[in-house]
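> What follows is a structure written as structure tokens; I'll ask about it next.
The values are calculated or read from the model by the stated rules, or taken from the named source; none is laboratory data. Predicted, not measured: the structure shown is a model, and the values here were computed from it. Ideal geometry is used to build each Cβ from the backbone, glycine not excepted, and the neighbour counts take in all protein chains shown. In case anyone asks, the SASA skips ligands and DNA or RNA and just uses the protein heavy atoms, side chains included. Shrake-Rupley method; radii C 1.70, N 1.55, O 1.52, S 1.80 Å.
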Amino acid sequence: SWEYVKKEKAADMLHVLQFPYNGESPRDRLVETEITPNDTHFVRNHGGIPEIDPQEYTLDIAGLVKNPKRLTLADLQNEEIFPRQTNTVTLQCSGTRRMEQISVYPGDGDELINAPWAEGAIGNAVWTGVSLKKVIKHCGGLIDGADNLEFYGADTYFKKGEAMNYVVSVPWRKVKVNEVLLAWEMNGEPLPKIHGFPLRTVVFGYIGARSCKWLYQIKGIKGPSPAPVQKKEYLYYTPQVGKQNAMYSNGFSIQEMPVSSAIMSPVDMDQIVHDGKVKLKGWAYSGGGRWPVRVEVSGDGGSVWYEVPPENMSTKYFHGWRLWEIEMPVDAEGWLEFCVRCWDNALNTQPTFVRSAWNWDLHVTSSCHRVKIYSMN
Ligand code: MTE
Ligand code: MO
């Protein structure tokens, strides 16, 4: 995969794991543009990058569908059969900001599952393809009783010595509202190899894990997929669950991302010479089709909160993040701690401290993000 990292990704990506390749956006560039360029968008892989010849490529629609079909890329791109759909969608790995949980307590040490991400395992791109709903309808719809779709990625990964494909599932109700896209274009360009060429799913508002890259088969099924990625990973445990008592049945499956945000500038431990003000910049996002309505920043650890002026928040999309910036009044010299929280349109907000949402698999770090800076005037 390193060959594709060199070819397709920016030289200043933050490499989190070399194999399987995991990399996050260069942190000073992440909040420069509302749309994350292809070469700086984060990458999260469980295995290698499969070589797929687009000429030979086929997608099987199988399992509990009325008329199973094998489709080529040309079939999917035939606008006489399928209308094209384009959406701006934020993908966020449920492991974003895991470092903060690791610093409280390391949790599950399986680095293949639990890459030590900081704040850059999130990106916002424009995806083009066809709504999966249209493709399933084209196959006559689901057979009665089927309520989930299972996705097969062509990459193999190894877990405890066993090789397997990447397999996940999404409920039909999510597909039915045109929130699952079979995408072949990312930001107006063919899907990069490292992001799933030639075809991937993009599941709006769900954790990145559900958006299957290098897709080669979709099956209608009853209930969620029994595959390990769906059933054993991406579980949210209570804080009492640890190494000795972690049972898969103790966790619930993570689907929609909750509201979260991060300060991307200044960086933790920066020294800043100020003239009474410090400018802060960051991102805010909420899953499930909810969106950030207000971002607030505190300069005293979370007692007094200042609202980011609404005009300093970027465009609202149903499934996209919003970038924000604010000038915070500063009069002290010495160490300061800034923290941020976001309210979404359902009035959800974030836990105050990372400790209060610690979980064994170290997912969904959505507590108020904090940076300490040294200020001088
Ligand atoms: N699909 C396949 N086939 N293999 C994978 O390893 N990783 C998933 C998802 N889809 C993965 C996959 C995870 S955990 C995330 S967060 C997203 O892809 C990341 O998408 P990106 O690499 O395009 O940013
Ligand atoms: Mo992920």
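> Given the condition touching a residue at least 40 places away in the same chain (Cβ under 8 Å), surrounded by 15 or more Cβ atoms within 10 Å (Cβ to Cβ), among the charged types (D, E, K, R) and outside any strand (DSSP E or B), answer yes or no: does some residue in the range 315-338 qualify?
No, the range 315-338 has no match at all.
> Considering only residues of the range 241-282 that are surrounded by fewer than 13 Cβ atoms within 10 Å (Cβ to Cβ) and of a type in the set (S, T, N, Q), which is farthest from L336 (Cα to Cα)?
Filtering the range 241-282 for residues that are surrounded by fewer than 13 Cβ atoms within 10 Å (Cβ to Cβ) and of a type in the set (S, T, N, Q), the one farthest from L336 (Cα to Cα) comes out as S249.
> Look at the range 107-160 and say how many of its residues are within 28 Å of R29 (Cβ to Cβ) and away from ligand 2 (no atom under 16 Å from the Cβ).
Within the range 107-160, residues that are within 28 Å of R29 (Cβ to Cβ) and away from ligand 2 (no atom under 16 Å from the Cβ) number 4.
> Can we say T86 is more than 13 Å from ligand 1 (Cβ to nearest atom) and hydroxyl-bearing (S, T, Y)?
Numbers: more than 13 Å from ligand 1 (Cβ to nearest atom): yes; hydroxyl-bearing (S, T, Y): yes.
In short, yes.
> What number of residues within the range 189-199 satisfy the criterion of being open to solvent by 10 Å² or more (accessible area, probe 1.4 Å) and within 16 Å of ligand 2 (Cβ to nearest atom)? First the steps, then the outcome.
The first filter runs over the range 189-199 and keeps only residues open to solvent by 10 Å² or more (accessible area, probe 1.4 Å), leaving 189-190, 192-193, 197.
Still in the list and also within 16 Å of ligand 2 (Cβ to nearest atom): none.
Counting residues in the range 189-199 that are open to solvent by 10 Å² or more (accessible area, probe 1.4 Å) and within 16 Å of ligand 2 (Cβ to nearest atom) gives 0.
> Considering only strands (runs of 3 or more DSSP E) fully contained in the range 9-113, which possess at least 1 residues that are open to solvent by 10 Å² or more (accessible area, probe 1.4 Å)? Talk me through it step by step, then tell me what you get.
Details: elements: 14-17, 22-24, 58-63, 69-72, 85-92.
Ranges flagged: 14-17, 58-63, 69-72, 85-92.
> Let me ask another. Restrict the check to the range 355-366 and report whether at least one residue is assigned to a loop (DSSP other than H, G, I, E, B), under 21 Å from Y206 (Cβ atoms), touching a Pro at 6+ places or on another chain (Cβ under 8 Å) and among the small types (G, A, S).
Within the range 355-366 (the criterion being assigned to a loop (DSSP other than H, G, I, E, B), under 21 Å from Y206 (Cβ atoms), touching a Pro at 6+ places or on another chain (Cβ under 8 Å) and among the small types (G, A, S)), the answer is yes, since at least one residue qualifies.
> Filter the range 322-333 down to the residues that are under 15 Å from G301 (Cα atoms) and of a type outside the set (A, V, I, L, M) and list them by number.
P329
> Moving on. Would you confirm, using the coordinates I've provided, whether L191 is free of Cβ contacts under 8 Å to residues at least 12 places away in the same chain and within 14 Å of ligand 1 (Cβ to nearest atom)?
The answer is yes for L191.
> Continuing with the same structure: Give the residues of the range 210-240 that are open to solvent by 10 Å² or more (accessible area, probe 1.4 Å) and among the aliphatic types (A, V, I, L, M), sorted by residue number.
Residues satisfying the conditions are I221, A227.
> Give me the strands (runs of 3 or more DSSP E) completely within the range 199-294, filtered to those with at least 3 residues that are within 22 Å of G95 (Cα to Cα), ordered by residue number. Can you show your working first?
Numbers: elements: 200-203, 215-221, 260-265, 271-273, 277-285.
Hits in the range 199-294: 200-203, 260-265, 277-285.
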